[in-house]
Structures are given as C-alpha cells and as structure tokens.
1. Hey, any hits in segment 143-150 for a residue that's more than 30 Å from residue 283 (Cβ to Cβ) and among the polar types (S, T, N, Q)?
2. Considering every residue within segment 115-132, establish whether at least one is open to solvent by less than 10 Å² (accessible area, probe 1.4 Å), in contact with a Lys or Arg (Cβ under 7 Å, 6 or more places away or on another chain) and not polar (S, T, N, Q).
3. Does segment 253-289 hold any residues that are within 30 Å of residue 171 (Cβ to Cβ) and part of a loop (DSSP other than H, G, I, E, B), and which are they?
4. Go through segment 369-381 and count every residue that is open to solvent by less than 10 Å² (accessible area, probe 1.4 Å) and part of a helix (DSSP H, G or I).
5. Just checking, how many residues over segment 296-325 are under 27 Å from the mean Cα position of the chain (by Cα) and touching a residue at least 60 places away in the same chain (Cβ under 8 Å)?
6. Considering only segment 133-152, state which residues are assigned to a helix (DSSP H, G or I) and open to solvent by 10 Å² or more (accessible area, probe 1.4 Å).
7. Would you check if there is a residue in segment 154-161 being crowded, with 17+ Cβ neighbours inside 10 Å and within 15 Å of residue 263 (Cα to Cα)?
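The values are calculated or read from the model by the stated rules, or taken from the named source; none is laboratory data. Please read all numbers here as calculations on a predicted model, not as lab measurements. We place every Cβ from the backbone using ideal geometry, glycine too, and count neighbours over all the protein chains shown. SASA here: full protein model, heavy atoms, side chains in, ligands and nucleic acids out. Shrake-Rupley method; radii C 1.70, N 1.55, O 1.52, S 1.80 Å.
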Amino acid sequence: MACSATTQPLLNFELSHSHQPKRPYSLPLCSFIKKPRLSPKPFFSQSKDYTKINIFSSPSLFSRQKLGSHVAAQSGYSSGEEAESLLPDSAYQEPFSWSSVIFPFLFPALGGLLFGYDIGATSGATISLQSPELSVTTWFNLSAIQLGLVVSGSLYGALLGSLLVYPIADSLGRRRELLIAALLYVLGGVLTAFAPGLSVLLVGRLLYGLGIGLAMHGAPLYIAETCPSQIRGTLISLKELFIVLGILLGYFVGSFQINAVGGWRYMYGCSAPVALLMGLGMWSLPPSPRWLILRAVQGKGSLQELKEKAILALSKLRGRAPGDAASEKQIEDTLISVKSAYMEQESEGNILEVFQGPSLKAFIIGGGLVLFQQITGQPSVLYYAGPILQSAGFSAAADATRLSVVVGLFKLLMTWIAVAKVDDLGRRPLLIGGVGGIISFGPISWLMVSEIFPLRTRGKGISLAVLTNFGSNAIVTFAFSPLKELLGAENLFLLFGGIALISLLFVALYVPETKGLSLEEIESKILK
C-alpha cells in the first residue's frame, strides 16, 4: 500500500478568495495553467504571485512540458498518473464552492478507504478465523500456506485488476470503473462474510481485490479530472490518507469484534455497506468532463454530443445552471488542449523504452523504491499486526487488537507529517528516516515514482512501478506466514532488518533529491 505526497506543500498553500484582484475566468480542466502572455483572455480570479497550484492529470492525455513547472505527484496504487504544479509569475484560480467539491472527492476516495480497511480488518480476522472457539468453522486449523492465501488473496486480485484495467481504462471511463469497483467490493465483502468454506472465502478475497485494482486506478483520475485545479494536489493527498484512515478503521472494527462468535465475518462484512454507499454516490455523479472530451478527440462518438455532455457534467460538478456559459467556455478551451496533448502522445514509443537510457535509470530508482518498500516487511506489519503483537507478548487477542489501533493512529499521524513536510525537508531525508520507521517510506516512494520518469515514458513507467508494487506486496504478504513458521519470528524480522539496511544503502547511493526541481529539470539534470 502506498500513500503519496505532492511536490508542493499541500498544507501551506493559500486559497485566497478575498484580497485578490478580480479577473475573468480561466480553464480548470486543463493539465496546465497558462501565463497571461501565453493565454489570450484568461478568465479565472488571480491568485497571489506566490500561490502554488497543484495540477494532477493522466500523462496519456495531458503530459505537456512546461518550462518553470514544479512537479507535484500523487500516485498511490494507480497507474498512468502524473501530477504537475506550476509556479508562474501570475496564476489564476477557479472560484468554487466547497459544497460542490465534497461529494466528487468523497465517493471516489471511499475506494481508497476500503482498500485500507481490508488491510486493517485482515489483521484481526486472521486471529478470529483460526480460533477453535470463535471461528465457528470446521476448517479453522489453517496451514501457513492457507493463511497466506487468505491474507494475500485481495492483493493478487488487485494485481490482476491493475493488469486488466490499464488497457481498457480510457474506453471504460473513470465513473464506470469506480462503479464496477464498488460492485466488486460489495460482492467480495458479502461473499467473504458468508463463506461456508475456505475455497469460497478465497474467491471472495479475489473479487474484493479486483475492486481494489480498479478503485486504485480510477479514484485518483476521477478526483484529478473533476476538482478545481488549485486544490487538486490537496484532495489527491487526502485521498491517499483515506487509505491509512481505512487501515485504522479496520483495526478498530477488529478490536471491537475480536471476542465475538464468528467475528471475522463481521470484520470483512462491514466493508459491504461502505462499498454500497460508494456505488450509490458514484451513480449520482456525472462522468468526468475531461474523459468525455478525450472520447470526442479519439473519434469514439459524436463530437458535438460528447461536448454537450461534458458541459452538462461540468455544470453539475460546479453546482451551476445546466449548460452555463462559463462551463461551455471551459470545455471549449479544454477541447483545444486535449487535441494538442493527444497528438503529442501519438509519437510515444513502445514498452521497451522503459528499459532503455534515462527511462531505465528512472525505473531502477522508482521501481527499486517500491520494491524495497514491500520487501522490508511493511505489508507484513500491517496485515499481520494482531498476530505479530500476540507473538511479542500481548497474548490476549483483545490486547493485541487494541494495540493495533494505536499502531494505526501512529501511522496516520506520521503519514500526515510526511505529506506536510516533504517540501520542507526534502525526499532523501524522509526516505532515510522512513527506512528505519517504515512510516514515511511509502508516501515518499510514490512521490518519487511520479516525479522520476521522463515525459515520454512516464505513463508506462508508472504502470510498471505499480505492478512491481502489487506483485512484491502479494508475494511478501503470502510468504510471511510460511517464513515465520520456517525461520521463526525473530529470524524473520532480522531478515527484514537486513533488507532494510540494503534499502538504506540504495537510497543513499542511487536515489537523488528532487526537491524544488521541475519535471524537465529532473529529466535533464538527473537522468542524463
């Protein structure tokens, strides 16, 4: 799992709706904000000169180079994502109502919360499921391999979901992707909760994981493509923090149900109502206006019809009257930008480019970070928090699960600090500190992944990093229980400690500092 951070300080940027000179409106849907000298008739209220604007977009659509830009990235577990923030001499901000922003952010973000919830709930469920008195099953005596499959089943589903969705994401659309994710979450949660045997339980875990794979791809894209540009980075960061909040919620439910008969069923089943809320919420939201424009540019429908749908969708998202003039103008300008960006991307090379030249160096850095993030034992600590604490001396299940809540609270706090301080302290100090505490390792790793790849191969490079992450996460989570049985808990954590030392050397020797550098500067100064 990963929580990520933006390049510009998310908690320190200014939203100044007063004390600003009034300007006509500008374009909120484009992946870049143009300076007045580059953009005729800018039309959004002007911010202060030093205001930082976070821009988040899919590189397959909007990865245009802009001199003087500063990257800001949120990648989580999604593929093909890029974030850029520009610091122009004068920047324009879209006036918006917070009430119109809440639901387009909240319902997709529930997909991240449900991913985190599965991690936290599994920690308690592994104890309850193996209890002769409380599991209420005849198959409670699970082998180490069977337990590993139960715990990692959702991760294998997520890996499969990521592989399946990447080539069809543009044709499916962000909203439908999230609707399918919500349906899979519901089916997986219900099937797991009522599983009569181990095989059905594993199928339920796989279905739930497929939902994770779709949600982790679609949620950041929907949020990024529908929210006002000046709060885009902040909302994406909050979405990533929803994952950690979900972990905490899973630990809490596990602690509450640990002594209940069949408690593991409740732990897994509680995800279904939240997934249903996510599905109903996404049903009430319109499609992404940017995705509709993309379909028009790709020739996948009537240009005029798709443009009208995009105008109506933007009007609904902003709480305006249907088909208002401001939305119409924004869509017209977005259409021009998408056409230009889409034409540029047609020259993008094949998948082998990721393993050549600067792209290979970037993949070694980004892929290495997410690989070490997993094989240092982070997923084991999260998924097996309850059993680990039991083996550490908290033998009572209730005590172990209650202490896991404390672990979740600490992780939430540290993740928030990492997100807030990444631009003050830099990437390398937080990575080096994170190797020791496995706290800031995750979010900073994903920030680096989103920054480090060259523009030409950024989408494919991030996708490969995502697959590396899910694959190594699934393997380590599955292998933890058999390795613990084979080596003993003490020796296993000594092994993780040795890998952590290797990862520390990797960060010190190979990972550059990208603080304050634009995408172009990273590519020209670090990767050459």
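1. Within segment 143-150 (the criterion being more than 30 Å from residue 283 (Cβ to Cβ) and among the polar types (S, T, N, Q)), the answer is yes, since at least one residue qualifies.
2. No, there is no match, as no residue in segment 115-132 is open to solvent by less than 10 Å² (accessible area, probe 1.4 Å), in contact with a Lys or Arg (Cβ under 7 Å, 6 or more places away or on another chain) and not polar (S, T, N, Q).
3. 285, 286, 287, 288
4. Of the residues in segment 369-381, 7 are open to solvent by less than 10 Å² (accessible area, probe 1.4 Å) and part of a helix (DSSP H, G or I).
5. Adding up the residues that qualify gives 5.
6. 144, 145, 146, 147, 149
7. no
Residue by residue, here is whether (1) at pLDDT 80 or above; (2) in a helix (DSSP H, G or I); (3) open to solvent by 40 Å² or more (accessible area, probe 1.4 Å); (4) hydrophobic (A, V, I, L, M, F, W, C) holds:
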| site | (1), (2), (3), (4) |
| --- | --- |
| 449 | no, yes, no, yes |
| 458 | no, yes, no, no |
| 471 | yes, yes, no, no |
| 477 | yes, yes, no, no |
| 525 | no, yes, yes, no |
| 528 | no, no, yes, no |
